[in-house]
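Since the structure comes first, as C-alpha cells, the remarks are kept for the end.
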C-alpha cells in the first residue's frame, strides 16, 4: 500500500486583513462660479467634480491574494452518528490566501504582483493537492479501514493523526503550506488563511494567529 502520514505541528493561524485607506480631498474650486451666485447648480457640480479629481489613491501596497484549486478524495468520519460514518467522497476545493506587498522590482516577472498566481498554484499542487487528489484520507485510529486499505496493492492512502473533517483538513493543509510559501522578493509574503470546502455549502477556515 502506498501511504502518506500527516502530523499536526503546533502552528497557529489567524487572518490578518490588510487594506489601504483612501483619502478624499474635500476642497472645492468655488472660484469657477461667480461669488454672487452660490446657489447656481453648477456651483454644487463643480465642488463634486473637484473632489473627484482630487481623490488620492492609497499609498499602501499591502494586499491579500487568493488562489482556488479543486481535488477529489474519499474519507469517512468513523464515529459520526449519521451518513458520514460510511465510506464516501467529495469534490474538495481549497482556497489559499497570502498577504504581502506588491513587488516593485523593475524588470521582474512578478513586478506588480504579490506572488504570481501560477506559482501559488504550483506550490499547492506539489505540496498538497497532488498528494490528496484521488486518495483516501483516513484517520490513523480508524483501524478497520486502515487495515482494509492496506490489503489493496498500490492504493493511494493518506493517513492522518486526526479525523479527516473539513476543520482538521484545513488545519493540516495550513501547516503543510505555511513553510512552503517563502518571502523570496522581500515583500513580506506569508500564508494568512486556508479555506477548505467539503461541499459548496460547507467549509472551514484556518487563519493565522
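Each value in this text was obtained by applying a stated rule to the coordinates, not by laboratory testing. As the structure is a prediction and not an experimental result, all values here were calculated from the model. Every residue, glycine among them, receives a Cβ derived from its backbone with ideal geometry; neighbour counts consider all protein chains shown.
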Within the range 148-176, find all residues whose amide N lies under 20 Å from a label point positioned 7 Å from the Cα of residue 130 along Cα-to-beta-carbon. 154-159, 173-176
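What's the exposure ranking of 206, 146, going from fewest to most Cβ atoms within 10 Å?
Lowest to highest Cβ neighbour count: 146, 206.
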When 169, 149, 64, 196 are ordered from fewest to most other Cβ atoms inside 10 Å of their Cβ, what list results? 64, 149, 196, 169
Name all residues of the range 185-206 having a backbone nitrogen under 20 Å from the label point set 7 Å from the Cα of residue 109 along its Cα→Cβ direction, giving them as ranges. 185-190
Mind sorting 167, 70 by how few other Cβ atoms lie within 10 Å of their own Cβ, fewest first? 70, 167
Could I get the Rg over Rh figure for the range 71-178? Both from C-alpha atoms, Rh via Kirkwood, rounded to two places. 1.11
Taking 0.36 nm per residue of separation and subtracting the Cα-Cα distance, what length does fully extending residue 202 through residue 116 add? 28.1 nm
What base-10 log of the normalised intensity I(q)/I(0) is obtained for the range 131-209 from the Debye formula, alpha carbons as equal point scatterers, at q = 0.12, 0.13, 0.15, 0.25 Å⁻¹? -0.45, -0.52, -0.65, -1.17
Rounded to the nearest whole number, the Stokes-Einstein translational diffusion coefficient of the range 54-125 at 20 °C and 1.002 mPa s (Kirkwood radius, C-alpha pairs) in µm²/s is 137 µm²/s
